[in-house]
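First the structure, in the form of structure tokens, and then the observations on it.
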Amino acid sequence: MSIPLFLKNIKNNTLLLLVFAALMSIYLAVIIYIYDPNGIGAMVDMMSILPTKLVNALGFGTIDSGLTGFIASLFYGFLIYLFPMVYCIILANRLVAKWVYEGSFTSLLCTPNSRIKIIVTQGIYLLASIGVLFTILFLVGYGMSEHFFPGMLDVKVFLKLNLGACLMTMTIGMFCFFFSCLFNSTKPALFFGALIPVGFFILNTLSKLSERTAFLGKFSLYNAFDGLAIVTGQSSISLISGGFAVFIGLLFAAAVGVFSLKRLPV
Amino acid sequence: MIELKDVTLKYSSTKGIFNLNFSVEKGQVFGYVGPNDAGKTTTIRMLMGLIRAGRGSATIDGLNCFSRASAIQKNTGYVPEDVALFENMRVKEYLNFVTQMRGIFGQKNTRLRDMLIERFEVETRGKIENMSSGMKKRLTIVTALMHDPQTLVLDEPTSGLDPLMQSRFLDLILEEKRRGKTVLLSTHKFEEVERTCDRVGVLREGRLVENMDIVSLRAEETKAYLVKFAAPPNLEQIKKYGFGYQQFSQSDYEIFSPGDRIDVLMKVLSHEKVLVFNSKNQSLEEIFQQHYKKEIKQTEFKNEENNTQENEGKIKRSERKPKLMPKKTEKNRTLPDPEETVREVKKA
């Protein structure tokens, strides 16, 4: 890994990270703030006004009465797919395809650093920044819960929730990164980088609509992460994490391989 | 030392570079000329490891240009044709960044860098995005040279520079050459080749069509002089010493002399009363002009070659340096002698 390049990435992309961290933190904070330990009923009432299918599709189908479950269903059920997805698409494009397209990547390669070293640095930054994003979310969630409802948050489960979501986002990020490494121009890199996660998202949403569409979920990566199942202990976090980690490793290796052999444009 | 052996890199059946063979020795400046799209930049980007050669081997100091690109970069300075820098960085910040990327941290010796900044009058305050393209090019030159590399790969380095900076840059190349650097200089400007290069290679449609020594090229070059005499000159004397001529009027002549026999011509003319003596300089540009004309195909080359050989007898060449003769005929088999072609045109 190249330290100066890593520092440059931090400098270039911190604002982007902060914007997304702030947006997601505000959402999380508001969700924790509106939690009412005595009457989850109001929320359920509100949901009952909406068509059941829509509620299911949004992932709000079952609302757990505990604080952790409440956060898991409202925040880690739906929003967790959208915001990090957009972050991954933008960041992956900025790290590789944009510089390659503009030609400034050449000035990186005209230093005594191998292609592999440089592209690994870019990939590590992507993973590290997603890690930071979820660390911030964890801290905000923990802080808000302790402030408003001391002792009610199951910290261990909340940590598992964040770990799972973090690894899932990293996998999505690596998909985007792979396409960013594959293409020499930003347009196809953005198109395919967005197509895959948006496709996963649509499949996941459709699969929750009815029994007959449930099979679509099998093709979606997002289906592997079910916040509520983690809270209830139905799914094993180590299994999920392991699966995501394998995906991340494979995609990273593929991205590095593709980049180290390709022809860079003039 | 830069070495290319049978390097082929195809974009399509006609685009790319094909079977390139040439080498640039230490202490040598190799001029790399050719029309747009001939493949000069492709060759250079291949040398810099940005694209991989399909076939053949390209090495710099014995290191493979693709697999050992990072090792090569330690001792190489590259000025690309199109400058693309990190626009949002400040100039000082960028220079520090590149220095760190080269593995040098902390306050090391920046004497060479400061000297280059001063020499090329690079504005170090402000952001790169606000700089003119000429200034960006100068900044690229500084970054390419500030680590005192042994090999210089320059892709049209003076394009976009003002005449003063161009001249300073050429001086720098000459200095670097004297210090034993290996330089590959791609350019469209023949003055640059004439001023700095030892050898010149002409690339056309991805193939190297000429690769020759500037010194011997100079000797073979024909100089033309427009001379006005006060009285009809002694043509016998001029013929006797092997100079060709063309008569325009009673007193106006164009006299041709090989590049290495100008002194003899002076002596011959010193016996005449010369009113006007104008050099009609034939630059390298004229010699290479034919390679820039796309329509000249190999068949036409052959026709010209035959004409040239027919005409050869008409021009008195008896006093030509004998050692050049066999080389000449050998050359004519593959390509026309540029000098002869030009002479042809002139006669017409």
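The values are calculated or read from the model by the stated rules, or taken from the named source; none is laboratory data. From a predicted model like this one, the values you see are computed outputs, not experimental measurements. Glycine gets a Cβ as well: all are built from the backbone with ideal geometry, and neighbour counts include every protein chain shown.
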Any pair with Cβ under 7 angstrom, 6 or more apart, that starts in the range B:242-255 at a residue that is touching a residue at least 40 places away in the same chain (Cβ under 8 Å) and over 15 Å from B:Leu275 (Cβ atoms) and ends at one that is buried (at least 16 other Cβ atoms within 10 Å of the Cβ) and of a type in the set (Phe, Trp, Tyr): B:Phe243/B:Phe256; B:Gly244/B:Phe256; B:Gln246/B:Tyr253
Pair list, Cβ under 9 Å, 6 or more apart: the range A:244-265 residue within 13 Å of chain B (Cβ to nearest Cβ), other residue loosely packed, with under 15 Cβ neighbours inside 10 Å and assigned to a helix (DSSP H, G or I): A:Phe259/A:Ile116; A:Ser260/A:Ile116
Those residues of the range B:1-44 which are outside any loop (DSSP other than H, G, I, E, B) and without any contact (Cβ under 8 Å) to a residue 24 or more places away in the chain, in sequence order: B:Ser23
Qualifying positions in the range B:192-211 - touching a His at 6+ places or on another chain (Cβ under 8 Å) and aliphatic (A, V, I, L, M): B:Val202, B:Val209
In the range A:136-149, the residues that are closer than 25 Å to A:Thr171 by Cα and free of Cβ contacts under 8 Å to residues at least 12 places away in the same chain: A:Leu139
Helices (runs of 4 or more DSSP H) enclosed by the range B:136-240 - at least 1 residues per element that are in contact with a strand residue (DSSP E or B) (Cβ under 7 Å, 6 or more places away or on another chain) and closer than 28 Å to B:Lys280 by Cα: B:190-196, B:214-220, B:235-240
Residue match in the range A:179-197 (condition: surrounded by fewer than 17 Cβ atoms within 10 Å (Cβ to Cβ), in a helix (DSSP H, G or I) and among the small types (Gly, Ala, Ser)): no
Failed condition for B:Asn75, given (1) under 21 Å from B:Lys26 (Cα atoms); (2) loosely packed, with under 13 Cβ neighbours inside 10 Å: (2)
Which listed residue is of a type in the set (Lys, Arg), in the same structural domain as B:Leu184 (by TED's automatic domain parsing) and in contact (Cβ under 8 Å) with a residue 40 or more places away in the chain, from B:Arg119, B:Arg125, B:Arg138, B:Arg113: B:Arg119
Answer residue from the range A:1-11, given it is more than 13 Å from B:Tyr94 (Cα to Cα) and either touching a helix residue (DSSP H, G or I) at 6+ places or on another chain (Cβ under 7 Å) or touching a residue at least 24 places away in the same chain (Cβ under 8 Å) (or both) and is nearest to the other protein chains (Cβ to nearest Cβ) among those: A:Ser2
Answer residue from the range B:75-103, given it is part of a loop (DSSP other than H, G, I, E, B) and without any contact (Cβ under 8 Å) to a residue 12 or more places away in the chain and is nearest to the other protein chains (Cβ to nearest Cβ) among those: B:Ala84
Boolean, B:Met48 is crowded, with 23+ Cβ neighbours inside 10 Å and within 14 Å of another protein chain (Cβ to nearest Cβ): yes
B:Thr59 vs. criteria touching a Gly at 6+ places or on another chain (Cβ under 6 Å), among the β-branched types (Val, Ile, Thr) and in a strand (DSSP E or B): no
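Per-residue answers, yes or no, for (1) touching a Phe, Trp or Tyr at 6+ places or on another chain (Cβ under 9 Å); (2) surrounded by 19 or more Cβ atoms within 10 Å (Cβ to Cβ); (3) modelled with pLDDT under 85; (4) not assigned by TED's automatic domain parsing to the domain that holds B:Cys65:
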site: B:Val153; (1), (2), (3), (4): yes, yes, no, no
site: B:Asp162; (1), (2), (3), (4): no, no, no, no
site: B:Lys181; (1), (2), (3), (4): no, yes, no, no
site: B:Leu185; (1), (2), (3), (4): yes, yes, no, no
site: B:Arg195; (1), (2), (3), (4): no, no, no, no
site: B:Arg204; (1), (2), (3), (4): yes, yes, no, no
site: B:Tyr241; (1), (2), (3), (4): no, no, no, yes
site: B:Gln246; (1), (2), (3), (4): yes, no, no, yes
Selection status of B:Asp171, surrounded by fewer than 15 Cβ atoms within 10 Å (Cβ to Cβ), among the charged types (D, E, K, R) and at pLDDT 90 or above: yes
